[in-house]
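The values are calculated or read from the model by the stated rules, or taken from the named source; none is laboratory data. Quick caveat, the model's predicted, so the values are computed rather than measured. Cβ sites come from the backbone with ideal geometry, for glycine too, and all protein chains shown count toward neighbours. Areas reflect the complete protein model, heavy atoms only, side chains present, ligands, DNA and RNA absent. Shrake-Rupley method; radii C 1.70, N 1.55, O 1.52, S 1.80 Å.
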Amino acid sequence: MSKVLEAAGIHKSYPIAGGRVDILRNLNFHAQRNEFVSFVGPSGCGKSTLFNIITGLLMPDSGSILLKNRETTGSPSPELGYVLQKDLLFPWRTVMDNVMLGLEVRGTPKSEARERAMALFELYHMQGYEKKYPAQLSGGMRQRVALMRTMVTNPEIILMDEAYKALDYPLKIALESELLSVVKQQQKTVIFITHDIEEAVTLSDRVYVMKAHPGEIVQEIHVDLNTDSLLIPERRLSPRFNEYYERIWRSIGTQPTPVN
Ligand code: ADP
Ligand code: MG
């Protein structure tokens, strides 16, 4: 299998009074084609910083990001699509116009953009919502539209930063099942960033476990739930689930987290 994403020696620090503080220290990781890879770690361990480095929005102090063997450190790449927790839909555009946006900015003719967007409304069971505005949709639907807007450009790699964090549990499960079936069917590579161990285990082929202060990868875990089902509840009920959950929980560490 070929590596579509490879990161070597990623280091990031920020200035503080009297020096610098390490946020990410010596991160090495990769993703194979069609693989679902998660980064799981506590809040503040540098997940979003890492996301920004992979997407090219932020330059690391040192280290490199390679997408399909091409160095892309510090620059955005068209192979990569991303979805954030905050859906970032434009409130003044209809759902259809939001989905078409990714294609429009790439100069795709409007009729072709509309056709490609329409196909997604069917795939994501969103027919009938084309002319609605984001404010008329529930949080889950908005997140689905955000994913559609990313998928319409057909990126090879999809990067998600706590995309389903704000959703209630049943909705989250439904959207995750949908995500898994779409990315497996379309053979996408997914880099999924989360603080939620359960989410990481049920979705992933492989998990990088991070700890905080500084952010480091402490473990890499290959997940095999021994099921062909792409439905999250069925994956969650796999007899192997607990074993993975426990391994990740233990490697994140059981030190009390400051609550504020
Ligand atoms: P996570 O997404 O895992 O919660 P972040 O990547 O958002 O973590 O943040 C990791 C750490 O880096 C936090 O301690 C945060 O305060 C710090 N940090 C993030 N951005 C900056 C910045 N621009 N300047 C200084 N510190 C930052
Ligand atoms: Mg974050």
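Only one of the numbered conditions (1) over 15 Å from Arg144 (Cβ atoms); (2) open to solvent by 30 Å² or more (accessible area, probe 1.4 Å) is not met by Leu80, and that is (2). When you look at Ser48, is it more than 16 Å from ligand 2 (Cβ to nearest atom) and either open to solvent by 10 Å² or more (accessible area, probe 1.4 Å) or of a type in the set (Asp, Glu) (or both), yes or no? Spelling it out, it is not the case that Ser48 is more than 16 Å from ligand 2 (Cβ to nearest atom) and either open to solvent by 10 Å² or more (accessible area, probe 1.4 Å) or of a type in the set (Asp, Glu) (or both). Would you say Tyr133 is without any contact (Cβ under 8 Å) to a residue 40 or more places away in the chain and aromatic (Phe, Trp, Tyr)? So Tyr133 does not fit the description; no. Residue by residue through region 185-200, note down the ones that are under 19 Å from Leu237 (Cβ atoms) and away from ligand 1 (no atom under 16 Å from the Cβ). Matches in region 185-200: Glu198 only. Across region 165-176, the qualifying residues are those that are in contact (Cβ under 8 Å) with a residue 40 or more places away in the chain and outside any helix (DSSP H, G or I), and the one among them that is nearest to Ile53 (Cα to Cα) is Lys165. Among the residues of region 27-36, is any more than 16 Å from ligand 2 (Cβ to nearest atom) and aliphatic (A, V, I, L, M)? Yes, that holds for at least one residue.
Confirm whether Thr49 is modelled with pLDDT of 95 or more and more than 20 Å from Arg206 (Cβ to Cβ). So Thr49 passes the test.
Counting only residues that are in a loop (DSSP other than H, G, I, E, B) and crowded, with 20+ Cβ neighbours inside 10 Å, region 177-224 holds 3 of them.
Residue-level check: of (1) outside any loop (DSSP other than H, G, I, E, B); (2) within 16 Å of ligand 1 (Cβ to nearest atom); (3) without any contact (Cβ under 8 Å) to a residue 60 or more places away in the chain; (4) on the phi > 0 side of the Ramachandran plot, Gly9 misses just (2).
One line per residue, one yes/no per condition, for (1) open to solvent by 80 Å² or more (accessible area, probe 1.4 Å); (2) closer than 24 Å to Glu79 by Cβ:
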{"position": "Val99", "(1), (2)": "no, yes"}
{"position": "Arg106", "(1), (2)": "yes, yes"}
{"position": "Pro109", "(1), (2)": "no, yes"}
{"position": "Leu120", "(1), (2)": "no, yes"}
{"position": "Gln127", "(1), (2)": "yes, no"}
{"position": "Leu137", "(1), (2)": "no, no"}
{"position": "Thr150", "(1), (2)": "no, yes"}
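Here region 52-69 is the region considered, the condition is being open to solvent by less than 40 Å² (accessible area, probe 1.4 Å) and more than 10 Å from ligand 1 (Cβ to nearest atom), and the residue that is nearest to Val201 (Cα to Cα) is Ile54.
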